[in-house]
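One structure is given below, encoded as C-alpha cells.
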C-alpha cells in the first residue's frame, strides 16, 4: 500500500509541476529514489514469496510485472532529467502514476 500512496503522491506532485510549467527538481528525483527502494523491496519479497509457495501462479508473468515495476521509475528519471522542460516533468508524472497500477496488477496476478 505504501508504494501505491508514494507513487500517487509523486505523480500528483509532478502533475502540479507540469501545470506550473516547471522542470523536475531534485526533491522529485529524491522521491523517485524512495519509490525505487520500495519497489526493490517489493520485488525481492515477491520473488521470495514465489519461490516458497505452492500457489499456482503464472511465474513468468508475475516476475515480468515485478521487473517492469522496478524498471519504470529509473528509466523515467533518466529521461526526465535529460529533458529540462515541462516535458521531462510530464514523463516523471506518467511513470509515477503508472507504477501504482503496475503494483496492483502484480497483486492481481498473484491472486489469480
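Values quoted throughout were computed directly from the atomic coordinates according to the rules given, and no laboratory measurement underlies them. These numbers come from a predicted model, not from an experiment. Virtual Cβ from ideal backbone geometry, glycine too; neighbours counted across all protein chains shown.
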message: I'm trying to understand the selection: among the residues of segment 71-106, which are surrounded by 17 or more Cβ atoms within 10 Å (Cβ to Cβ), closer than 16 Å to residue 41 by Cβ and within 9 Å of the chain's Cα centre (by Cα)?
response: 72, 73, 99, 100, 102, 103
field: Meets criteria (part of a helix (DSSP H, G or I), on the phi < 0 side of the Ramachandran plot, surrounded by fewer than 18 Cβ atoms within 10 Å (Cβ to Cβ) and without any contact (Cβ under 8 Å) to a residue 60 or more places away in the chain) for residue 60
entry: yes
- prompt: Here are some conditions: (1) more than 14 Å from residue 7 (Cα to Cα); (2) in contact with a helix residue (DSSP H, G or I) (Cβ under 7 Å, 6 or more places away or on another chain); (3) surrounded by fewer than 17 Cβ atoms within 10 Å (Cβ to Cβ). Residue 66 meets all but one. Which one does it not meet?
  reply: (3)
- request: Quickly run through segment 13-32 and pick out the residues that are free of Cβ contacts under 8 Å to residues at least 12 places away in the same chain and either crowded, with 17+ Cβ neighbours inside 10 Å or in a helix (DSSP H, G or I) (or both).
  value: 16, 19, 26, 27, 30
query: For segment 42-54, which residues satisfy the criterion of being over 12 Å from the mean Cα position of the chain (by Cα) and either touching a residue at least 24 places away in the same chain (Cβ under 8 Å) or under 16 Å from residue 106 (Cα atoms) (or both)?
result: 44, 45, 46, 47, 48, 49, 50, 51, 53
